[in-house]
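The values are calculated or read from the model by the stated rules, or taken from the named source; none is laboratory data. No experiment lies behind these values; they were computed from the predicted model shown. Cβ coordinates were reconstructed from backbone atoms using ideal geometry, including for glycine residues, and neighbour counts include every protein chain displayed. SASA here: full protein model, heavy atoms, side chains in, ligands and nucleic acids out. Shrake-Rupley method; radii C 1.70, N 1.55, O 1.52, S 1.80 Å.
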Amino acid sequence: MKKIKFFPFSSFPWEGWDGVLFTLLLALLGACSDSDVSPEPEPVIPAQRTIIAYFDGNNSLASNLTKDIEEIRTGSVNISANYNVIVFANINGKKPYIAEMAGGKKTVVREWDNTFFATNPDSILSIMQWIVGKYPANEYGIVFGGHGTGSIVSTDTIATTMRPAYAYGNDYNTTPSQKPLLWINTGTLATVISHLPRTKFIFFDCCLMQDIDVAGQLKKYTDYIIAPVCETPAEGAPYDKITPLLTIDNTEQMCDELLTTYQAYCEQTAKPICISALRTYYVDDMQAKANIALQEVKQNLLTAPVTYDKYANVIYYYKQNTFADPCLYDLKSFLYQQNQNNYLSDATYNAFVEAQKNSIFTSRKSSQWVNAQNRIDFTQFVVEDYNYGALSISRDALEK
């Protein structure tokens, strides 16, 4: 058997081998490093703003909201990549989906096989949390498209009995013939939004949502609320023009331009609206001043003649189907009339007006607006700066 020759370490002919061994050693160490240590993930750079458009069109607005979504796609053409425009759509007869709008293109990023109640709070929270997780940003804005009822009694998704609700919706779930038509009141909606990052703004492209009680429910969770105080056209906002405005960093400038653009579009289509934007920071003070004024009126009306009609000449925005009387009034208009008739002092009225100006910082008005119920006689009141406040209050609240 041939013997293997071993070299003592000191006598091995190392010349020429040192570089080879060094290279092998580096390769070995590199292999160990790759197998034992995961590479650092690239940091996620948040966008400046993510805009979430939540469109519930599983109802009579299905075709209108479908067109609105196409307008958003068109409006996204020149939006910077630093802004996300994300749409959730639940349209009657179609699968619910989430789509990213960018560069004039619509990319569906998530889809459900079956429809569901998009007014269910668990559904809203799950969808919005998914969007926030996938599209992180320094700030967020929410657009709600669908029906709205302000402070009108509606069927709620939590309790399907009739009860006072400041509601967004409604949702048929499967077909328009299925009952009930479920809404979500803004108290429940506020609870949902409380689990999200604080929003910069909430834009309700829904009827009747600029209401003092609605603002009170949402004031903790957003900086600004933009909403119509009256009914709106079924066509909704001109999103091809409004979508780029939603990326304006100066939110108050954004609100002002949005209102101008929306009202101009409605006037062109002969369907003018009353719409406003408010700062939620001042809602507490506005509510406090309103409550003081309403209590003073209530006390002074105890001595009023039985023939006195406190609602005479007051701007109102809606008559409910089941009632002959109006059920949503302009708050400033109501207090103005009581002041004019000496049931509210100048000092108390002026304190309210000043508080409201701090909150409602921009608004647009019209002497007429869309009325689906065809029950408003516009000859009963005038709409001017001195009596128009662009904020509603329910008759129930006024009768307390």
Legend entry - Selection status of Tyr336, at pLDDT below 95 and either at negative phi or not charged (D, E, K, R) (or both): no
Inset, instruction - With the checklist (1) assigned to a helix (DSSP H, G or I); (2) farther than 18 Å from Val353 by Cβ; (3) open to solvent by 60 Å² or more (accessible area, probe 1.4 Å); (4) touching a residue at least 12 places away in the same chain (Cβ under 8 Å) in hand, flag the one item Gln299 doesn't pass. - result: (4)
Legend entry - Asn313 being part of a loop (DSSP other than H, G, I, E, B), within 25 Å of Val383 (Cα to Cα), at pLDDT below 90 and open to solvent by 50 Å² or more (accessible area, probe 1.4 Å): no
Inset, instruction - Return the residue satisfying two criteria in turn: it lies in the range 337-355 and is under 19 Å from Val382 (Cβ atoms) and in a helix (DSSP H, G or I), and of such residues it is least open to solvent (accessible area, probe 1.4 Å). - result: Gln338
Legend entry - Selected residue [at pLDDT below 95 and closer than 30 Å to Leu245 by Cβ] from Gln268, Gln320: Gln268
Inset, instruction - Return the total of residues in the range 179-191 being open to solvent by 10 Å² or more (accessible area, probe 1.4 Å) and either among the hydroxyl-bearing types (Ser, Thr, Tyr) or in contact (Cβ under 8 Å) with a residue 40 or more places away in the chain (or both). - result: 5
Legend entry - Search result, residues across the range 206-239 that are part of a helix (DSSP H, G or I) and among the acidic types (Asp, Glu): Asp213
Legend entry - Unmet requirement for Tyr308, which otherwise passes all of (1) under 25 Å from Thr149 (Cβ atoms); (2) at pLDDT 95 or above; (3) aromatic (Phe, Trp, Tyr): (1)
Legend entry - Selection count where residues are open to solvent by less than 80 Å² (accessible area, probe 1.4 Å), basic (Lys, Arg) and either modelled with pLDDT under 90 or in a loop (DSSP other than H, G, I, E, B) (or both), scope the range 361-400: 2
Inset, instruction - Say whether the condition of being open to solvent by 60 Å² or more (accessible area, probe 1.4 Å), closer than 21 Å to Glu384 by Cβ and assigned to a helix (DSSP H, G or I) is met by at least one residue in the range 257-266. - result: yes
Inset, instruction - Report yes if Ala270 is farther than 30 Å from Ala81 by Cβ and open to solvent by 50 Å² or more (accessible area, probe 1.4 Å), otherwise no. - result: yes
Legend entry - Checking Tyr282 against (1) open to solvent by less than 40 Å² (accessible area, probe 1.4 Å); (2) closer than 27 Å to Asn138 by Cβ; (3) among the hydroxyl-bearing types (Ser, Thr, Tyr), the condition it does not meet: (1)
Inset, instruction - Answer with yes or no whether Lys200 is under 12 Å from the mean Cα position of the chain (by Cα), at pLDDT 95 or above and open to solvent by 50 Å² or more (accessible area, probe 1.4 Å). - result: yes
Legend entry - Looking only at the range 240-256, and only at residues there that are in a helix (DSSP H, G or I) and either in contact with an Asp or Glu (Cβ under 8 Å, 6 or more places away or on another chain) or within 20 Å of Val77 (Cβ to Cβ) (or both), the one that is most open to solvent (accessible area, probe 1.4 Å): Lys241
Inset, instruction - Could you give me the residue pairs with C-beta distances under 8 Å whose first residue belongs to the range 262-277 and is of a type in the set (Val, Ile, Thr), whose second residue is assigned to a strand (DSSP E or B) and open to solvent by 10 Å² or more (accessible area, probe 1.4 Å) wherever it lies, and which are 6+ apart or on separate chains? - result: Ile273/Arg364; Ile275/Ser363; Ile275/Arg364
Inset, instruction - Would you list the strands (runs of 3 or more DSSP E) that sit entirely within the range 63-124 and hold 3 or more residues that are open to solvent by less than 50 Å² (accessible area, probe 1.4 Å) and touching a strand residue (DSSP E or B) at 6+ places or on another chain (Cβ under 7 Å)? - result: 83-91, 97-102
